[in-house]
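The values are calculated or read from the model by the stated rules, or taken from the named source; none is laboratory data. As the structure is a computational prediction, the values presented were derived from the model and not from experiment. Virtual Cβ from ideal backbone geometry, glycine too; neighbours counted across all protein chains shown. Heavy atoms of the whole protein, side chains included, go into the accessibility calculation; ligands, DNA and RNA do not. Shrake-Rupley method; radii C 1.70, N 1.55, O 1.52, S 1.80 Å.
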Amino acid sequence: MTVPATGPAAPALDPTWWRQAAVYQIYPRSFADANGDGIGDLRGVTSRVPYLSALGVDAVWLSPFYPSALADGGYDVDDPRGVDPRIGTLEDFDAMVAALHGAGIRVVVDIVPNHSSDRHAWFRAALAAGPGSPERERYIFRDGLGEHGELPPADWTSAFGGPAWTRVEDGQWYLHTFATEQPDYNWAHPEVREDFLTTLRFWADRGVDGFRVDVANSLAKDLPEVLPSAAELSAMPKDGTHPLWDRDEVHEIYAEWRRVFDEYDPPRTAVAEAWVDSPERRARYASPEGLGQAFNFDLLVADPEAGAFRRIITANLEQSALSGSSSTWVLSNHDVVRHATRYGLPPLEGRREKQGTAWLAEGGPEEGIDRERGLRLARAATLVELALPGSAYLFQGEELGLHEVAEIPDADRQDPAFFRTTPEDRGFDGVGRDGCRVPLPWTREGSSFGFGEGGAHLPQPAWFGDSSVQAEDGVPGSTLELYREALRLRRELQGAEELTWAAGIDGGDVLAFERPGGWLTVANLGAAGTPLPTGELLLASGPLEAAADGAAVLPAGTTAWIRR
Ligand code: NOJ
Ligand code: CA
């Protein structure tokens, strides 16, 4: 069956659109609120299509908008083929897709296959039907240990902290890799597999162009009768044989999905969220026989240093060439501290994105953070990201140079990572991810800075107005204008997925590479100015300087695009 792209003016039927797309992530509850109830909605997205169009993005990816109790910001899905009534209706969804397609913008939706919510009809049925029932087989239920089954089947910890097994009234326990409200599906069950194919077709038939696949590396599990302990689990290699993570046979699931994607013209696309240990393991998710593309978070966890960026870029371009996919680049998303803030903090040992988490855990003190430097480096890193071959995934608000909001009172917090941990054991998701999910500021002043007429579901700080769309629109040098110009030029300059390091310029703290057609990117990530290479200056992430002899200098923390 071949189904044409739907919608009055679906974007041109180019099957390779995803390879080098600039994709803008919308966290629907925090983007724009059309009906003034404090929660962003689909009509809000539709009302902002002109903004997205002027920004120049190729696609939007919407984080979950499905019915949900919001135990995990919507990643606890009650019904994967519905729209949360607080966010809109299916008709609103169709109108949004039509408006985006009308503006030439593709639509990617989030698919959450590892777990449902505990309010999903199947989970309710599983609870009602009791131990040993076929209804329980769609999830992962076990009897407990101990004389009366009062101990969990294993001592595992969930990704948000706290136990990964929860006991139900009749005494059995179920597995949840994430929050208690997110029971893991049993992917060995044919009905689970079939239902997801139905969901993929449901959205593809409504004109959705692609899917972002949540925790794509956790679906397949192999749980023996006697479960390994947490310590044993963490000692096991993640080489495709681990009982929980990145098992080889997960790719059989995605091969089935691929057959569904290919029923459509152009084929629907997918990008895997798979935090795996090596670029080699990641490439499997990006295979053309599977999901086709996978997020690469290597830049996101790195410091903005030329050496680190150079190694990461080289390794990932090699891997994408091997997998037949294109590379992806991410600096911010809804799970991490915004990069303008991260880059203003002194580095930590180990994974560098923890800088932000550690700072939040201390309450976000002004002492020790250099916000101006952070934003300068964020803008410089963004121009690197947007010049690389492959897709760039941008998170709403980064185009405004927004900083993380640290000042959220405990009483207003929403992230389960906050409630399931103590200050001492807060890990990667740590103090929570609410600070990057605060509703966007559209205007300098007014109710919720133009987000909506009725306040915002997370408190916005007073300084938000200065980073609003209104404050930056048309202002030369603003971060918004930088993104607009960069995205416009990127469309014009983007050619073959090739990159050559610029001999004689690239080296040390200066990262310099050329794309076909003479598009040179020079990023000065060191502490001192460097001579600006000759050529036509197209764009710079910050003001240039002049040497004593008048020659142009690329200051520290600045990137330039040059045509030669
Ligand atoms: C990854 C998502 O990005 C995150 O927001 C969510 O909490 C977990 N998966 C669980 O669905
Ligand atoms: Ca609303």
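Candidates GLU191, GLU181, GLU169: the one that is in contact with an Asp or Glu (Cβ under 9 Å, 6 or more places away or on another chain), farther than 30 Å from ALA255 by Cβ and acidic (Asp, Glu) is GLU181. Anything in the range 71-89 that is within 16 Å of ligand 2 (Cβ to nearest atom) and at negative phi? List them, or say none. Matches in the range 71-89: VAL83, ASP84, PRO85, ARG86, ILE87, THR89. For the residues LEU537, LEU487, LEU544, the requirement of being open to solvent by less than 40 Å² (accessible area, probe 1.4 Å) and among the aliphatic types (A, V, I, L, M) singles out LEU487. Among the residues of the range 15-55, those that are in a loop (DSSP other than H, G, I, E, B), surrounded by 21 or more Cβ atoms within 10 Å (Cβ to Cβ) and either among the aliphatic types (A, V, I, L, M) or within 11 Å of ligand 2 (Cβ to nearest atom) (or both) comprise ALA21, PHE31, ALA32, ASP33, ILE39, GLY40, ASP41.
If you go through the range 97-127 and keep only what is within 21 Å of ASN333 (Cβ to Cβ) and in a helix (DSSP H, G or I), you end up with just LEU100. Screening the range 456-484 for residues that are open to solvent by 20 Å² or more (accessible area, probe 1.4 Å) and part of a helix (DSSP H, G or I) and picking the one that is farthest from ALA560 (Cα to Cα) gives ALA462.
The number of residues in the range 335-344 being in contact with a helix residue (DSSP H, G or I) (Cβ under 6 Å, 6 or more places away or on another chain), closer than 22 Å to ALA21 by Cα and part of a loop (DSSP other than H, G, I, E, B) comes to 1. Scan the range 370-400 residue by residue and report those that are part of a loop (DSSP other than H, G, I, E, B) and open to solvent by 20 Å² or more (accessible area, probe 1.4 Å). Once the filter is applied, which keeps residues that are part of a loop (DSSP other than H, G, I, E, B) and open to solvent by 20 Å² or more (accessible area, probe 1.4 Å), the range 370-400 yields only ASP370.
Considering only residues that are in contact (Cβ under 8 Å) with a residue 60 or more places away in the chain and open to solvent by less than 20 Å² (accessible area, probe 1.4 Å), look in the range 154-176 and name the one that is nearest to ligand 2 (Cβ to nearest atom).
Going residue by residue through the range 154-176, those that are in contact (Cβ under 8 Å) with a residue 60 or more places away in the chain are 154-162, 176.
Cutting the leftovers down to open to solvent by less than 20 Å² (accessible area, probe 1.4 Å) gives us 154, 156, 158, 160-161, 176.
Details: ALA154: 41, TRP156: 37, SER158: 30, PHE160: 26, GLY161: 31, HIS176: 29 Å.
Within the range 154-176, the match that is nearest to ligand 2 (Cβ to nearest atom) is PHE160.
Per the conditions (1) assigned to a loop (DSSP other than H, G, I, E, B); (2) aromatic (Phe, Trp, Tyr); (3) modelled with pLDDT of 95 or more, the sole criterion not satisfied by PHE160 is (3). Residues that are touching a Pro at 6+ places or on another chain (Cβ under 6 Å) and farther than 17 Å from ALA272 by Cα occur in the range 332-344; there is at least one.
Residue count for the range 72-88 satisfying the condition of being more than 10 Å from ligand 1 (Cβ to nearest atom) and farther than 18 Å from PHE211 by Cβ: 6.
Results for (1) modelled with pLDDT under 95; (2) part of a helix (DSSP H, G or I); (3) open to solvent by less than 50 Å² (accessible area, probe 1.4 Å), shown as yes or no for each residue.
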position	(1), (2), (3)
GLY307	no, yes, yes
LEU322	yes, yes, no
SER332	no, no, yes
PRO346	yes, no, no
THR357	yes, yes, yes
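Whenever a residue of the range 312-331 is within 15 Å of TRP18 (Cβ to Cβ), its partners that are among the charged types (D, E, K, R) and open to solvent by 10 Å² or more (accessible area, probe 1.4 Å), lying with C-beta atoms within less than 6 angstrom and at least six residues away or across chains, give the pairs SER326/ARG19; SER326/GLU497.
Residues checked against (1) of a type in the set (Asp, Glu); (2) surrounded by fewer than 23 Cβ atoms within 10 Å (Cβ to Cβ); (3) closer than 21 Å to GLN182 by Cα; (4) touching a residue at least 12 places away in the same chain (Cβ under 8 Å):
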site: LEU70; (1), (2), (3), (4): no, yes, yes, yes
site: ASP79; (1), (2), (3), (4): yes, yes, yes, yes
site: GLY102; (1), (2), (3), (4): no, yes, no, yes
site: VAL112; (1), (2), (3), (4): no, no, yes, yes
site: GLY132; (1), (2), (3), (4): no, yes, yes, no
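Cβ-Cβ distances below 6 Å connect the following pairs, each with a first residue in the range 35-49 that is farther than 10 Å from ARG86 by Cα, a second residue that is small (Gly, Ala, Ser) and within 7 Å of ligand 2 (Cβ to nearest atom), and a separation of six or more residues or different chains: GLY36/GLY452; ARG43/ALA34; GLY44/ALA34; SER47/ALA34. Here PRO67 passes the criteria (1) within 16 Å of ligand 2 (Cβ to nearest atom); (2) touching a helix residue (DSSP H, G or I) at 6+ places or on another chain (Cβ under 9 Å) except the one numbered (2). Scanning the range 505-561 for residues that are free of Cβ contacts under 8 Å to residues at least 12 places away in the same chain and either outside any strand (DSSP E or B) or closer than 19 Å to PHE309 by Cα (or both) yields GLY507, ALA548, ASP549, GLY550.
One residue alone among ALA378, ALA471, ALA456, ALA411 is small (Gly, Ala, Ser), without any contact (Cβ under 8 Å) to a residue 24 or more places away in the chain and out of contact with any strand residue (DSSP E or B) (no Cβ under 8 Å at 6 or more places or on another chain), and that residue is ALA411.
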